[in-house]
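Q: So that we are looking at the same thing, I have put the structure below in structure tokens.
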Amino acid sequence: MRVFDTRFDYKTDTPSKTRPDADRDSPRLRLDHELLWTKELCSGLCFAPTAPSVRRDGYLIFTDASGARHWYGGDAITGSYTTWLRPKTLANAIAGLNEDQRSLYLDPAYTIGSSMIWPVRSKDRPTMNQARGFGSSGRLIGDRMDLTLECIRRHYAGEQGSPLAGVLTAYADFFALFGGFAEFVDFFHLQDLVTPDYDAVRFYLPFDNFERSGTPATTEEYVTYREATLEFIAGRQHRMAKWVMKHHPEIEVRQ
């Protein structure tokens with residue numbers, strides 16, 4: 001019987017000897033993505049990203065009704081900043097952690113609640129994954145999913161002031177699949193990051209309209225951020241587990 005385990009650490013699944021990367025190296029993560037995101041969209045279309053049998057043929061591929069092939073890649077969305085050396089304020093914030101905090105917050109297991117898929121096209125760079133963590137947009141987003149989701153909300157609402165506006169426009173066809181912001185949130189089990197009416201994002205840290213770096217600037221902010229992300233991961237994994245139990249009773253679910 002196949003097992004869906006929300007506690008499984010994908011970093012332990014056939015890791016590469018050099019520069020290990022679970023998004024790239026873990027076959028189990030790819031198959032769990034395939035399981036979770038193969039479902040009907042609000043339009044009635046079945047979104048079915050498939051993991052090719054040969055890894056070099058793609059990470060996940062969805063072939064639409066026209067025969068066009070769309071490539072998706074995995075991305076961690078709840079970073080601990082364990083290896084980040086910049087900005088200096090972030091490095092200093094992490095340096096201020098006590099031993100118990102370091103054990104709890106740094107180098108965490110990479111479980112399914114921390115993972116997302118984004119579209120990838122060679123002609124559209126940066127990708128969502130890249131834009132969230134690098135360059136001028138990456139500085140303001142700081143690889144945070146709450147800030148990313150605010151940009152996505154503004155994209156659907158047609159609002160200005162999004163650091164990710166360029167990449168969201170480049171991949172507008174992907175976001176159009178879901179019909180709207182609430183549908184996108186529900187599809188990817190992100191409900192714990194929005195208010196019950198889906199009108200606003202619930203931020204990990206006080207929001208300043210993208211005026212400063214997205215990364216925590218003090219040890220207190222870092223602790224607040226990590227506590228919030230751990231709560232989000234737990235809630236999202238519970239939603240994922242419930243969805244698998246409902247739609248795939250043939251699969252054993254472990255939490």
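The values are calculated or read from the model by the stated rules, or taken from the named source; none is laboratory data. What you see is a predicted model, and the numbers here were worked out from it, not measured in a lab. Cβ placement follows ideal geometry from the backbone for every residue including glycine, while neighbour counts extend to all protein chains displayed.
Q: How do the pairs read when you match residues in segment 241-253 that are of a type in the set (S, T, Y) with residues anywhere that are surrounded by 15 or more Cβ atoms within 10 Å (Cβ to Cβ) and not in a loop (DSSP other than H, G, I, E, B), using Cβ under 7 Å and keeping only pairs 6 or more apart or on different chains?
A: Pairs that qualify, where the first residue is of a type in the set (S, T, Y) and the partner is surrounded by 15 or more Cβ atoms within 10 Å (Cβ to Cβ) and not in a loop (DSSP other than H, G, I, E, B): there are none.
Q: Is it the case, given these coordinates, that F203 is more than 19 Å from A76 (Cα to Cα) and either under 16 Å from the mean Cα position of the chain (by Cα) or touching a residue at least 40 places away in the same chain (Cβ under 8 Å) (or both)? If you could, list the steps in order and put the result at the bottom.
A: Values: more than 19 Å from A76 (Cα to Cα): no; either under 16 Å from the mean Cα position of the chain (by Cα) or touching a residue at least 40 places away in the same chain (Cβ under 8 Å) (or both): yes.
Criteria not met by F203.
Q: Taking segment 127-146 only, how many residues are outside any helix (DSSP H, G or I) and either modelled with pLDDT of 95 or more or hydroxyl-bearing (S, T, Y) (or both)? I'd like the intermediate steps shown before the answer.
A: At the first step, the residues of segment 127-146 found to be outside any helix (DSSP H, G or I) are 127, 134, 142-144.
From what's left, either modelled with pLDDT of 95 or more or hydroxyl-bearing (S, T, Y) (or both): 127, 142-144.
Adding up the residues that qualify gives 4.
Q: Would you check if there is a residue in segment 149-158 being over 28 Å from D9 (Cα atoms) and surrounded by fewer than 17 Cβ atoms within 10 Å (Cβ to Cβ)?
A: Yes; the residues of segment 149-158 include at least one that is over 28 Å from D9 (Cα atoms) and surrounded by fewer than 17 Cβ atoms within 10 Å (Cβ to Cβ).
Q: Same structure again: Looking only at segment 161-173, decide whether some residue is under 23 Å from Y110 (Cα atoms) and not polar (S, T, N, Q).
A: no
Q: Can you give me the number of residues within segment 165-204 that are closer than 24 Å to I61 by Cβ and part of a loop (DSSP other than H, G, I, E, B)?
A: Here the count works out to 7.
Q: Related question: Give me the pairs, please: first residue somewhere in segment 166-186 and of a type in the set (G, A, S), second residue anywhere and modelled with pLDDT of 95 or more and not in a helix (DSSP H, G or I), beta-carbon distance under 7 Å, and either six or more positions apart or on two chains.
A: As it stands, the answer is A182/Y198, since those pairs meet every condition given.
Q: Now for a separate question. Being β-branched (V, I, T), at pLDDT 95 or above and in a helix (DSSP H, G or I) is the requirement here; does V253 meet it?
A: no
Q: Continuing with this model, one more query. Scan segment 131-145 for residues that are of a type outside the set (G, A, S) and surrounded by fewer than 23 Cβ atoms within 10 Å (Cβ to Cβ) and jot them down.
A: Quick first cut of segment 131-145, residues of a type outside the set (G, A, S) only: 132, 134, 139-141, 143-145.
Matches in segment 131-145: F134, R139, L140, D143.
Q: When you scan segment 1-118 for strands (runs of 3 or more DSSP E) that lie fully inside it, which ones turn up with 2 or more residues that are in contact with a helix residue (DSSP H, G or I) (Cβ under 6 Å, 6 or more places away or on another chain)?
A: Hits in segment 1-118: 69-76.
Q: Quick one: count up the residues across segment 51-99 that are at pLDDT below 95, surrounded by 12 or more Cβ atoms within 10 Å (Cβ to Cβ) and among the polar types (S, T, N, Q).
A: 1
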